[in-house]
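Everything on this sheet refers to the single structure shown next.
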Amino acid sequence: MKVAVVGGGPAGLATLKFLAHAHDYFPIQPIEVRLFESEKDIGGTFSYRVYEDAELVSSKYLTAFSDFRLPEDAPDFVTPGVYVKYLKAYATAFELWPMIELHTKVDQIRRGPNGAGHVVSLYCKDTGKLTQWACDAVAVCTGINVNPVIPVIKGVERVPSVLHSSQLKTRAQFGENTNVYIMGAGETGMDLAYLAVTSKAKSVTLCHRDGFFCAPKIIPIPQVMGRSKSDPTGRPNKPVDTSVASLFDTAYVHPKLQRSQLLWTYYDRWIKRMHWLISGTEEGPDQWVGQMSASRKYIDSILLCKSDKALPYMNVGKRSDSWVNRMRSRIMNVPIRDNDGKKIDVVTWPKYVDKNDLMVFDENLSSDSALPNDQLKPDVMVFATGYTREFPFLDNDYPCVAQTNVRGIYKDGDVTLGFIGFVRPAIGAIPPLAELQAQFWVLRLLQDQFPKEVPRQISPNAVPSYDLDYQIHPRDGYSFYEAKRAVDHESYAYQLALDMGSAPTATYVLKKGWKIFFTWAMGSNFNTKFRLVGPWKWEQGAEEIMRNELFNVVKRSGGYVYLTTYTLVPMFIFGSLSIMLYAWFGLCNFVSGFGHRSNKKPSGGASGEESA
């Protein structure tokens, strides 16, 4: 079998790896795989669309692939440069380089003769040669951060310097004594606003459409009665994305409870109440600007912003001076970070730039800042407005991402074309989800192409599959799942593991020792958990990682208030409810089955006696 992989980012490399090593797990011949990357090096966005002082918003524990970990001495949140080195080491460790063709652009992919297979048209940028390659399947792994989106703002051509975030690399590009406008309040927008306010710019203004909701990537530790408690080693607190106890959150939560709104409602209220308790505002800890409209501000329907370095500069003069907040902050409050005497103004989206080169805003929309006239004239405008998914190389008869109705990976009935790495977690990371998608797609592809050699079967040590609610919910007429394939990381990861037969049972994990069981129950859905059993089983290696690296981060409490309210209380509530639901439905099934057996007519002579 021949398979083409388009794109050399994390998703493409993970897909290449599982294709190239599939014969180590299944009784098939080695697959001929070729990965095509249009740039001169691998890494994708992490190599070519990064800026000064950038670091990943997901921790190294969650981001790393299941069987190849980031260095032990690396910080919890690595820079893009460190991550690209890691990806190169991954390619070396699994001997992927001979299958990677750099500086090779995929011009077209079309169906093969009579609809069988695919034909990939290639352009080698180094030699200028055009070639074609016939293959049996294609994995599209080009990523979500390729084609910049720049919204239309009338008169924007009057602004001296207009950039997309993909073009901005250093603070120097903001200039000196300039009015800088950052358009967009996502993670990139926040990062760039921080870069701008710490540059030589005169003023920095961030524009948003309907607010934002910051969720810190490190668990905040509030000061109690003015006293703070820090780790004696100087290590930052526990990363948020490692702190979700999966037991009774995804693992063993009853399906009816998991698909209900109850879990979402608890976490929505918990996050808002805890944010208020430790900072005085329901939005991100110490976020006093950029409030979202009430109709949209629900955790189940938004993408949280995990970059908060700009918040101290936005909060200048915005914190509440009410007696309630003063009393609350004396008892408990997150540390107030220094703003170095600088500030970032936060306003709504502009209507247009007028003939005097001034920004004009909708007077009916409230802004957090009233801008002075001399600040209304932008010198530099940076659009941190994301990217659009485009696949110009695919013929028109191929499905698009929006039509991938099998876990957002491929269209039912067309498994030979997979889209890997196009889901976006609200909190979490794309690379580990892409690895699970790669495992799932390669497995389904092999089951389609080699049904005898790769049958659909499940280990007795794996939890049987069922459907979870993993999509971010639509609200107020907008769906982040439809627009951006937004998912809940924990639920989506567990769903793919269930589908593959890779989610281990509690009894099986318990046999592995208390450290592995503790990591499995109290930690997030790290991909390594799903290598204990299943078609991609890597048992000894997974045990080693869970017993050491992952155990050491999971055992960190994150603070007793956080541990109690975010982990122990919901585990008790949802665990109790799940046990009751399992018991109730088990009893109902037993009674139903008993009644069904009782109503069966006896056979043979007894039947004759009754009929007589």
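The values are calculated or read from the model by the stated rules, or taken from the named source; none is laboratory data. The structure displayed is predicted, hence computed values, not measured ones. When we count neighbours, we look across all protein chains shown, and the Cβ atoms used for this are built from the backbone with ideal geometry, even at glycine.
Numbers at a glance
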| quantity | calculated |
| --- | --- |
| Hey, L445 touching an Asp or Glu at 6+ places or on another chain (Cβ under 9 Å), assigned by TED's automatic domain parsing to the domain that holds A14 and either part of a strand (DSSP E or B) or more than 20 Å from I144 (Cα to Cα) (or both) or not | yes |
| Residue in the stretch 522-542 that is of a type outside the set (D, E), surrounded by fewer than 18 Cβ atoms within 10 Å (Cβ to Cβ) and farther than 26 Å from W441 by Cβ present | no |
| Number of positions in the stretch 471-487 that are assigned to a loop (DSSP other than H, G, I, E, B), of a type in the set (D, E, K, R) and more than 9 Å from R424 (Cβ to Cβ) | 1 |
| Residue under evaluation E435, criteria (1) assigned to a loop (DSSP other than H, G, I, E, B); (2) in the same structural domain as D67 (by TED's automatic domain parsing); (3) not basic (K, R), criterion not met | (1) |
| Where a residue in the stretch 559-585 is under 30 Å from V334 (Cβ atoms) and among the aliphatic types (A, V, I, L, M) and its partner, wherever it lies, is outside any helix (DSSP H, G or I) and at pLDDT below 85, with Cβ under 6 Å and at least six apart | L563/S557 |
| Tally, over the stretch 91-125, of residues that are under 23 Å from C400 (Cβ atoms), within 30 Å of the chain's Cα centre (by Cα) and surrounded by fewer than 17 Cβ atoms within 10 Å (Cβ to Cβ) | 3 |
| Enumeration of residues in the stretch 108-133 that are assigned to a strand (DSSP E or B) and closer than 25 Å to Q437 by Cβ | Q108, I109, R110, R111, H118, V119, V120, L122, W133 |
| Pick from the stretch 268-304, criterion part of a loop (DSSP other than H, G, I, E, B) and aromatic (F, W, Y), ranking: nearest to H473 (Cα to Cα) | Y298 |
| Residues of the stretch 77-124 satisfying the condition of being touching a Gly at 6+ places or on another chain (Cβ under 6 Å) and of a type in the set (V, I, T) | V84, V119 |
| Residue that is under 24 Å from F422 (Cβ atoms) and at pLDDT 95 or above, where the choices are V162, V138 | V138 |
| Looking only at the stretch 389-442, and only at residues there that are polar (S, T, N, Q) and under 23 Å from K105 (Cα atoms), the one that is surrounded by the most Cβ atoms within 10 Å (Cβ to Cβ) | T416 |
| Selection count where residues are surrounded by 18 or more Cβ atoms within 10 Å (Cβ to Cβ), closer than 20 Å to R209 by Cβ and not β-branched (V, I, T), scope the stretch 323-362 | 3 |
| Residues of the stretch 305-333 satisfying the condition of being assigned to a loop (DSSP other than H, G, I, E, B), out of contact with any strand residue (DSSP E or B) (no Cβ under 7 Å at 6 or more places or on another chain) and not basic (K, R) | S307, A310, N315, V316, G317, S320, D321, S322 |
| Lone unmet requirement of (1) surrounded by 16 or more Cβ atoms within 10 Å (Cβ to Cβ); (2) part of a loop (DSSP other than H, G, I, E, B); (3) touching a strand residue (DSSP E or B) at 6+ places or on another chain (Cβ under 6 Å) for L365 | (1) |
| Filter result for the condition that a residue is without any contact (Cβ under 8 Å) to a residue 40 or more places away in the chain and within 31 Å of the chain's Cα centre (by Cα), over N373, N405 | N405 |
| Residues satisfying the stated conditions in the stretch 468-495, i.e. surrounded by fewer than 16 Cβ atoms within 10 Å (Cβ to Cβ) and either modelled with pLDDT of 95 or more or of a type in the set (S, T, N, Q) (or both) | S479 |
| Strands (runs of 3 or more DSSP E) completely within the stretch 143-220 that count 2 or more residues being surrounded by 24 or more Cβ atoms within 10 Å (Cβ to Cβ), in the same structural domain as C305 (by TED's automatic domain parsing) and not charged (D, E, K, R) | 179-183, 203-208 |
| Residue match in the stretch 376-385 (condition: closer than 29 Å to E37 by Cβ, aromatic (F, W, Y) and either outside any loop (DSSP other than H, G, I, E, B) or in contact (Cβ under 8 Å) with a residue 40 or more places away in the chain (or both)) | yes |
| Unique residue being charged (D, E, K, R), more than 26 Å from the chain's Cα centre (by Cα) and modelled with pLDDT of 90 or more when the list is D338, D345 | D345 |
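Yes/no per residue for (1) touching a Gly at 6+ places or on another chain (Cβ under 9 Å); (2) surrounded by fewer than 22 Cβ atoms within 10 Å (Cβ to Cβ); (3) in the same structural domain as S479 (by TED's automatic domain parsing):
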| position | (1), (2), (3) |
| --- | --- |
| L257 | no, yes, yes |
| L263 | no, no, yes |
| Y267 | no, yes, yes |
| W276 | no, yes, yes |
| S293 | yes, yes, no |
| Y298 | no, yes, no |
| N315 | no, no, no |
